[in-house]
Amino acid sequence: MRNFTRMIAGVANPKARARSARHSIRIVGGAWRGRRIPFPDLPELRPTPDRVRETLFNWLQPFTGGARCLDLFAGSGALGLEALSRGACEAVFVDRSAQVAASVREQLARLGAGHRASVHCEAAEDYLRATVVPFDLVFLDPPFRANALAGILPALAERAWVVAGGHLYLESERAAGAPPLPAGWRLVKSKFAGEVGYHLARRER
């Protein structure tokens, strides 16, 4: 009866259903494929689109299983959750918003993945001052027009937050082009979708 009531409510209130879809992301692949993950209705949140995530994780397919991942501007949690769905052994989510951090913790608990993840409510710059435990994959999707990558990329490289042979995903405005990489990094993939530019780099040494 409860499911039937929910179904009737969704039919009767299509605007509410549309709002719910607009403030959620869909896991594209892996164990949680098709699951919808809600996120807070905040103007600065701009989750990586499904099509972009699908392309990214096709690129990363040989590297995701068993990987340790850092989602440094977590937002909706889309990138870290997608990695966990596809077999990453651990994901660390970092976001300065308490509301965002609480939402990601809630979704991890709902998915039964709390033991494979941790959530830190702090600025990315502050997190990178902590003791370094290098990651295999790092996702960087900062708010548009924040110019955050200019300060974050040197900090990641100087303190070796990514293992040799590890990968770094960068997302930014299309108009900005591919971001300049620190020494020892090589751009291996680069694409554009609408106003979004997305790029994959590899640490060579």
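The values are calculated or read from the model by the stated rules, or taken from the named source; none is laboratory data. Model, not experiment: these values are computed from the prediction. When we count neighbours, we look across all protein chains shown, and the Cβ atoms used for this are built from the backbone with ideal geometry, even at glycine.
How about segment 79-105: which of its residues are closer than 17 Å to His167 by Cβ and touching a strand residue (DSSP E or B) at 6+ places or on another chain (Cβ under 6 Å)?
Here is the first cut: in segment 79-105, the ones closer than 17 Å to His167 by Cβ are 79-80, 82-84, 86-92.
Listed by number, the residues that qualify are Leu79, Gly80, Ala83, Leu84, Ala88, Glu90, Ala91, Val92.
Out of Arg46, Arg26, I need the residue that is among the basic types (Lys, Arg), out of contact with any Pro (no Cβ under 9 Å at 6 or more places or on another chain) and either in contact (Cβ under 8 Å) with a residue 40 or more places away in the chain or surrounded by fewer than 23 Cβ atoms within 10 Å (Cβ to Cβ) (or both). Which one?
Of the residues listed, the single one that is among the basic types (Lys, Arg), out of contact with any Pro (no Cβ under 9 Å at 6 or more places or on another chain) and either in contact (Cβ under 8 Å) with a residue 40 or more places away in the chain or surrounded by fewer than 23 Cβ atoms within 10 Å (Cβ to Cβ) (or both) is Arg26.
Just checking, which of Ala183, Ala101, Ala88, Ala130 is under 25 Å from Pro38 (Cβ atoms) and either assigned to a loop (DSSP other than H, G, I, E, B) or in contact with a Phe, Trp or Tyr (Cβ under 7 Å, 6 or more places away or on another chain) (or both)?
Ala88
For Phe144, indicate whether it is in contact with a strand residue (DSSP E or B) (Cβ under 6 Å, 6 or more places away or on another chain), among the hydrophobic types (A, V, I, L, M, F, W, C), in a loop (DSSP other than H, G, I, E, B) and within 18 Å of Ala74 (Cα to Cα).
Values: in contact with a strand residue (DSSP E or B) (Cβ under 6 Å, 6 or more places away or on another chain): yes; among the hydrophobic types (A, V, I, L, M, F, W, C): yes; in a loop (DSSP other than H, G, I, E, B): yes; within 18 Å of Ala74 (Cα to Cα): yes.
Judged against the criteria, Phe144 is a match.
Quick one: which residue in Phe93, Phe63 is surrounded by 14 or more Cβ atoms within 10 Å (Cβ to Cβ), among the aromatic types (Phe, Trp, Tyr), touching a residue at least 12 places away in the same chain (Cβ under 8 Å) and in contact with an Asp or Glu (Cβ under 6 Å, 6 or more places away or on another chain)? Before you say what the answer is, go through the steps one by one.
Working: Phe63 fails: in contact with an Asp or Glu (Cβ under 6 Å, 6 or more places away or on another chain).
So the residue among Phe93, Phe63 that is surrounded by 14 or more Cβ atoms within 10 Å (Cβ to Cβ), among the aromatic types (Phe, Trp, Tyr), touching a residue at least 12 places away in the same chain (Cβ under 8 Å) and in contact with an Asp or Glu (Cβ under 6 Å, 6 or more places away or on another chain) is Phe93.
In this structure, is Arg96 within 18 Å of Ile25 (Cα to Cα) and either modelled with pLDDT under 95 or among the charged types (D, E, K, R) (or both)?
Values: within 18 Å of Ile25 (Cα to Cα): no; either modelled with pLDDT under 95 or among the charged types (D, E, K, R) (or both): yes.
So Arg96 fails the test.
Of (1) touching an Asp or Glu at 6+ places or on another chain (Cβ under 8 Å); (2) touching a residue at least 40 places away in the same chain (Cβ under 8 Å), Arg174 satisfies all except one. Which?
Result: Arg174 fails condition (2) only.
Just one of (1) farther than 23 Å from Glu204 by Cβ; (2) buried (at least 19 other Cβ atoms within 10 Å of the Cβ); (3) modelled with pLDDT of 95 or more trips up Gly75, so point out which.
Failed condition: (3).
Could you check how many residues of segment 149-171 are at pLDDT 90 or above and either surrounded by fewer than 17 Cβ atoms within 10 Å (Cβ to Cβ) or touching an Asp or Glu at 6+ places or on another chain (Cβ under 9 Å) (or both)?
The qualifying residues number 15.
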